Amino acid sequence: PARYFDTKTTEPISFFLSGLEELLAWQPNTNDDFNVSAVALSKRQPPLHSRRPRTLVCHDMRGGYLEDRFIQGSATRNPYVFYHWRYIDIFVYFSHHTVTIPPVVWTNAAHRNSVPVLGTFITEWTDGEKLCEAFLAGGEEAYGAVAEQLARIAQHYRFDGWLVNIENTLSPAAAGNLPLFLGELTEQVHSAVPGGLVIWYDSVLKDGTLRWQNELNDQNRVFFDACDGLFTNYNWKEEQLERTQRLAGPRQNDVYVGVDVFARGDVIGGGFDTDKSLRLIRQYGLSAAIFAPGWVYEHLGKENFLQNENRFWGLLAEYLPTHSICTLPLTTSFSLGMGTSTFLDGKDEESGPWYDLSAQDIQPLYPEYQGTLSTSCCLQDAWCGGSSLQLQGTIPPGEEGVAVRLFSLQMPAPPKLFVTLLYKLEVPQPDDFTVALEVTTWDSGICFEGNPTSLPEPNSRHHPRFLPAPPPGLAKLLAACHHGSRGWTSRCYELELQDCSLRDLSVIVSRQQPSPQETSFTCLLGEVRVLDTASVAASPPQVHSVMASQLWWQ
């Protein structure tokens, strides 16, 4: 069927639903198994609902369902990818179809990086008025059926909820039932989807008129009270932020103030000035909804996209609270889910462009230290997948080295950790440098490294012990410890900790000898793994009753 499979290639594709009939007729179907997310939402710290401002990204690109609709990837040159997951809290996939089911590749990539994904339920124009009249004016049975279907769809495809956008005028009867529908949908989503969310877009008012408010006020508060949050329109002024903060009270983090990166209409700042909007929003302790950050790709072009993308998010970083990884194992090759080649063990196995966000790895922080260091993605060389992480910087005169924070962690440290690192130095004399990992722990009087008789390290910085060869029993898993190849160096470390809590994982690039001159370096990171020794040594669970279906032989 054309809904589930591309008519040209027969490959499975993601899809949307148009109109009320399609929504109410929807049933799970064996053809759409490909669309079910295969990656559970990873845990994070602090949890999403903690009391701090959040950041929502609303992805709206040329109508949606572009190359990202191909569930098993495509040979797309210079595709759009998003990878600053550590800096955002919620990802919304937006299109103008009635029911936008997020393409499963986005759900997989976001979930792997601890970010929940929302689809969009939208009605607009005259068709929207008719649609709303049909299900809202009809009473509880009619709107209850729509709420139930939307909750079932999110549950079935394993994404995390809905943005609701009613952008048309409503009759008095429909307007009266709208808050009830929204409350019913929120309740259904909460019970069907763990951690599920329903967010309302600031559009129609309680009396049914369509008038964007650019704030939370008495005209739209009834919708805010019925669901998990309000996403405001984009043309706000500072006094509206102040009023919103006052009215939201303890729920100020549930108001997502809209920022249009394309800066359409009368707005404070978009494009590379988006930080001006964010600065104001955060002054009032409110959350932010960044709309169409694909501006970087659409407006500035595909050619220098990765460079421009890092610049865009780098300018916003100080206003974006990050979230930490809180489960092990942590393993990543930094792949973006795209490439110009496919690498395996440092070897270019297959040249040619590819794009598959489901294959995107856990993404690091992307720190920039003005003038001394930049972190970026390198597509020209990788250990595994399509890209590696490139660190470029200078070591100042007289200093030994620089530390680059890759991941923030927040979890109790197991008694023994294995940490592995694969890197490639691109400098004239690689032997003049060392590259090593550093683990920091939260300061605590009881945290010790090694045996309790040794003194705790000042400021809880630990340099794991280098292992020349992997411990017996783990040789197969840690094969990387003793072979680097094609210019890649591999390192394997062990760290024993007692009563500690992990905080950061950094990589340190240092000179063997301090020098009066500044020294430039480029270092590629191909893979990093942090493993809990006990769970690695345990034998993996046996897999039973494997089924294969939808096979296509060529």
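A compact table of results
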| quantity | calculated |
| --- | --- |
| Candidates GLY371, GLY385, filtered to the one that is on the phi > 0 side of the Ramachandran plot and open to solvent by 30 Å² or more (accessible area, probe 1.4 Å) | GLY371 |
| Matching residues, the range 222-255, being among the polar types (S, T, N, Q), in a loop (DSSP other than H, G, I, E, B) and under 18 Å from ARG279 (Cβ atoms) | THR232, ASN235 |
| Hits in the range 537-554 - residues which are of a type in the set (A, V, I, L, M) and surrounded by 10 or more Cβ atoms within 10 Å (Cβ to Cβ) | ALA537 |
| Residues of the range 335-381 that turn out to be of a type in the set (D, E, K, R) and part of a loop (DSSP other than H, G, I, E, B), as a count | 4 |
| Residue list for the range 67-114, filter: touching a Leu at 6+ places or on another chain (Cβ under 8 Å) and of a type in the set (Val, Ile, Thr) | VAL81, ILE88, ILE90, VAL92, THR98, VAL99, ILE101, VAL105 |
| Pairs with Cβ under 8 Å, 6+ apart, first in the range 520-546 and under 20 Å from LEU421 (Cβ atoms), second among the acidic types (Asp, Glu) and surrounded by 11 or more Cβ atoms within 10 Å (Cβ to Cβ) | PHE521/GLU426; THR522/GLU426; CYS523/GLU426; LEU524/ASP381; LEU524/GLU426; THR533/GLU494 |
| Inter-residue pairs, beta-carbon under 8 Å, first within 19 Å of PRO79 (Cβ to Cβ) and in the range 52-66, second open to solvent by less than 20 Å² (accessible area, probe 1.4 Å) and among the polar types (S, T, N, Q), 6+ apart | ASP60/SER95; GLY63/SER95; GLY64/SER95; GLY64/THR100; TYR65/SER14; TYR65/SER95 |
| GLU11 being open to solvent by 50 Å² or more (accessible area, probe 1.4 Å), at pLDDT 95 or above and of a type in the set (Asp, Glu) | no |
| First in the range 281-306 and under 16 Å from VAL259 (Cβ atoms), second anywhere and of a type in the set (A, V, I, L, M) and part of a helix (DSSP H, G or I), Cβ under 6 Å, 6 or more apart | TYR284/LEU241; ALA288/LEU278; ALA288/ILE281 |
| Subset tally (residues that are over 26 Å from ARG112 (Cβ atoms) and in a loop (DSSP other than H, G, I, E, B)) for the range 143-193 | 4 |
| Any chance SER341 is free of Cβ contacts under 8 Å to residues at least 12 places away in the same chain and of a type in the set (S, T, N, Q) | no |
| Tally of residues being surrounded by 11 or more Cβ atoms within 10 Å (Cβ to Cβ) and not in a strand (DSSP E or B) across the range 515-533 | 3 |
| Boolean, LEU417 is under 24 Å from ARG44 (Cβ atoms), out of contact with any helix residue (DSSP H, G or I) (no Cβ under 9 Å at 6 or more places or on another chain), modelled with pLDDT of 90 or more and assigned to a strand (DSSP E or B) | no |
| Positions within the range 283-313 being assigned to a helix (DSSP H, G or I) and open to solvent by 40 Å² or more (accessible area, probe 1.4 Å), in sequence order | GLN283, GLU298, HIS299, LEU300, GLN307, ARG311 |
| Odd one out for SER358 among (1) under 20 Å from the mean Cα position of the chain (by Cα); (2) surrounded by 20 or more Cβ atoms within 10 Å (Cβ to Cβ) | (2) |
| Conditions (1) open to solvent by 30 Å² or more (accessible area, probe 1.4 Å); (2) out of contact with any Asp or Glu (no Cβ under 8 Å at 6 or more places or on another chain); number of the one not met by THR100 | (1) |
| In the range 26-48, the residues that are part of a helix (DSSP H, G or I) and open to solvent by 70 Å² or more (accessible area, probe 1.4 Å) | THR30, ASP33 |
| Residue match in the range 534-552 (condition: within 30 Å of LYS424 (Cα to Cα) and at pLDDT 90 or above) | no |
| Residue in the range 239-261 that is closer than 14 Å to TRP212 by Cα, touching an Asp or Glu at 6+ places or on another chain (Cβ under 7 Å) and either open to solvent by 30 Å² or more (accessible area, probe 1.4 Å) or hydrophobic (A, V, I, L, M, F, W, C) (or both) present | no |
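Per-residue answers, yes or no, for (1) over 30 Å from GLN72 (Cα atoms); (2) assigned by the TED database to the domain that holds VAL115; (3) hydrophobic (A, V, I, L, M, F, W, C); (4) at pLDDT 95 or above:
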site	(1), (2), (3), (4)
ASP356	no, no, no, yes
GLN360	no, no, no, yes
PRO364	no, no, no, yes
ALA382	no, no, yes, yes
LEU391	yes, no, yes, yes
LEU406	no, no, yes, yes
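Okay, residues lined up against (1) within 12 Å of SER203 (Cβ to Cβ); (2) touching a Leu at 6+ places or on another chain (Cβ under 7 Å); (3) among the acidic types (Asp, Glu):
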{"site": "ALA147", "(1), (2), (3)": "no, yes, no"}
{"site": "GLN155", "(1), (2), (3)": "no, no, no"}
{"site": "ARG158", "(1), (2), (3)": "no, no, no"}
{"site": "GLY161", "(1), (2), (3)": "no, yes, no"}
{"site": "GLU167", "(1), (2), (3)": "yes, yes, yes"}
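The values are calculated or read from the model by the stated rules, or taken from the named source; none is laboratory data. Computed from a predicted structure; not experimentally measured. Please note: Cβ atoms are built from the backbone with ideal geometry, for glycine as well, and neighbour counts cover all protein chains shown. With ligands, DNA and RNA removed, areas are computed over all heavy atoms of the protein, side chains included. Shrake-Rupley method; radii C 1.70, N 1.55, O 1.52, S 1.80 Å.
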